[in-house]
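The structure appears below as structure tokens.
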Amino acid sequence: MVVYQVYPRSFQDSNGDGIGDLAGITQRLEYLEWLGVDALWLNPTFPSADADWGYDVVDYYGVHPDLGTLDDLDELVAAAGRRGIRVLLDLVPGHTSLRHPWFRERPDRYVWADADDGPPNAWLSASAAPAWTRDDATGRWYQHTFRPEQPDLNWWSEEVRDEFDRILAFWFERGIAGFRIDAAARVVKSRDLAAAPVGPWSRPPPDLEQVHEVLRRWRRVADRYGDRLLLGQTWIEDTGGLGAFLGNGDELQLVQPFTLPVAQFYASVLHEVVAEVETSLGGRDAAVWQASSHDAIRFPTRWGACDERRTRAALVLLLGLRGTVVLYYGDELGMEQVHLPAAVARDHWGRDGCRTPMQWADCAGGGFTDAGVTAWLPCGDLQVNVEGQRGDPASTLALCRSLIALRRELPDLRDGAYRRLDAPPGVWACSRGDGVAVVANLSGAVVSLSGIEGIVRLATERTRAGEAVAGALRLEPWEAVVLAA
Ligand code: BGC
């Protein structure tokens, strides 16, 4: 499966306010169908206080007014369905906004502690500040794994568990195909406040037994609705533990580690990362791979050093992995990280540069918004755009589209077991199932591999398509190919 991740504020503005919205995504479905993706994952669409742009929810049953209405979401889901594209929402169960009415009306839904002199223990939040803030109104401390504006929910509370059963059911009934679940592996926090700090950041540790119980509970709700998907963000320190989140087929269906967005672009490192995940899943086809994300520097900048050849090789590698691949909007164009001056920054954690508007065309507004309108974040280099690449068979977009089509055509490329092949240093080489091999030269030197056979089905250098390889394969710097028997 290929999932296309849309940051809704930045994809398409349909009403000229400089902010992307759901009706805008609906307008662009034709493009997504043409690209060939199977599903859309929308970053949070719920009403939010925007301290973390959607990840601080104030109402789990609604739509952020900047993005549209529930009707717009229904319309998007229906229109996507007509094109064979499923829609996944981003569920944020770990915390709400401080401005969620529950915080005052249902304080038992949050994690509190009493302490006189400073925070109740040494746990730190994701920004390395204390994971506790004193609530002026009550004098008590509340826990927050992320920002103080994002109080952690108390997943030991039956009321919270029941409420989320209702939230899941509410969206499934509206036709949502499933959820990407934010921080799924940590949702229930340890109750043991005296526990020694754990992990590099000493964050509030999860109670894993309880996490599994909650995952099973969500799965039971999902299964009531038939073919629904639970794709959980499982960013854990020990990749070896990933498989546990699948349970006995009764927890998550797909796990999303965050290993590629932080890995270096060396063949040996990437092989290690992929092998670790593959091993921990024990042959189950449940990995979700992505190279860019709304939390990381875009891969054409991070891996590609803004060199198109490197970006294209990375796309072959990525779309040659087993399981589910997420393309973050713009990856298919080789859209780069945008360097933004501090004066226009919107995110506390400095992630704006990977969240800039989708680059549709080289014109004022970039095809994202109307000419003369100030977009909520400035556009990047508009010379890299859909309009320019869509009709060009040599473009990165065309390469990406062909890779997606090839995944549909060759089941081995999609689901076939991954096995690392012998190759010179700097070369990524693996077989997929019985009939497919993916080879990418991630170095600046010409390389030769032996023992490789097959027909080149797709290559970064288009003229190589159709070439028969019988024993020896020579690749120019940053050249990549997919071979099939
Ligand atoms: C999301 C981030 C978000 C954080 C807090 C992460 O897992 O991917 O974008 O800031 O959760 O909700």
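Charged neighbours of His64, selected by a Cβ distance under 10 Å, balance to -3 (K, R count +1; D, E count -1). Label separation (Leu421 vs Asp307): 2.3 nm, computed from points 7 Å beyond Cα along the C-beta direction. Neighbours of Asp223 by Cβ distance under 14 Å: Lys/Arg scored +1, Asp/Glu scored -1, total +2.
Cα centroids of segment 221-273 and segment 292-342: 20 Å apart.
Taking each DSSP H run with n ≥ 4 as -39500 (n - 2.57) and averaging over every residue of the chain yields -7000 deg cm²/dmol at 222 nm.
Extension gain, Asp362 to Gln210: 0.36 nm times the residue separation minus the Cα-Cα distance gives 49.7 nm. For the chain, the alpha carbon positions stretch 73, 51, 44 Å along the principal axes, listed from largest to smallest.
Between the Cα long axis of helix 70-82 and the first principal axis of the chain there is an angle of about 30°, rounded to the nearest 10. Extension gain, Val262 to Arg83, is 61.1 nm, computed as 0.36 nm per intervening residue step minus the present C-alpha separation. Modelled label positions at Phe170 and Trp156, each set 7 Å beyond Cα in the direction of Cβ, lie 2.6 nm from each other.
Modelled spin-label separation between Ala129 and Asp108, with each label point placed 7 Å from Cα along the Cα-to-Cβ direction: 3.1 nm. For segment 313-367, the set of chymotrypsin sites (Phe, Trp or Tyr not before Pro) satisfying both a DSSP loop assignment and a count of at most 10 other C-beta atoms within 10 Å is empty. All other residues whose Cβ lies under 11 angstrom from that of Trp478 are scored, Lys and Arg at +1 and Asp and Glu at -1, for a net of -2.
With a cut-off of 8 Å between alpha carbons and a minimum separation of six or more residues, what is the relative contact order of the chain in percent?
12
Per-residue extension of 0.36 nm, minus the Cα-Cα distance of Asn15 and Trp34, leaves a gain of 4.4 nm for this segment. Computed from backbone phi, the HN-Hα couplings of segment 203-211 come to 6, x, x, x, 9, 4, 4, 6, 4 Hz, rounded to whole numbers (Karplus: 6.51 cos²θ - 1.76 cosθ + 1.60, θ = phi - 60°; Gly and Pro given as x). Database remark: amide H of Trp289 closer than 5 angstrom to the amide H of Thr324, Val325, Val326 (H placed geometrically; neighbours at sequence offset of 5 or more, or on other chains; Pro and chain starts carry no H). For segment 222-307, the list of trypsin sites (Lys or Arg not before Pro) that fall in a loop by DSSP and count at most 16 other C-beta atoms within 10 angstrom reads Arg284. Trypsin sites (Lys or Arg not before Pro), restricted to segment 56-113: which are DSSP loop and have at most 12 other Cβ atoms within 10 Å? Here the trypsin sites (Lys or Arg not before Pro) that fit, given the DSSP loop and packing criteria, are Arg83. Each residue of segment 357-373 is assigned a 3J(HN,Hα), and the resulting list reads x, 4, 9, 8, 7, 8, 8, 4, x, x, x, 7, 9, 5, 4, x, 8 Hz, derived from the Karplus form 6.51 cos²θ - 1.76 cosθ + 1.60 (θ = phi - 60°), x at Gly and Pro.
Values quoted throughout were computed directly from the atomic coordinates according to the rules given, and no laboratory measurement underlies them. Since the model is a prediction, treat every value here as computed from it, not as a measurement. Heads up, the Cβs are rebuilt from the backbone with ideal geometry, glycines too, and the neighbour counts pull from every protein chain shown.
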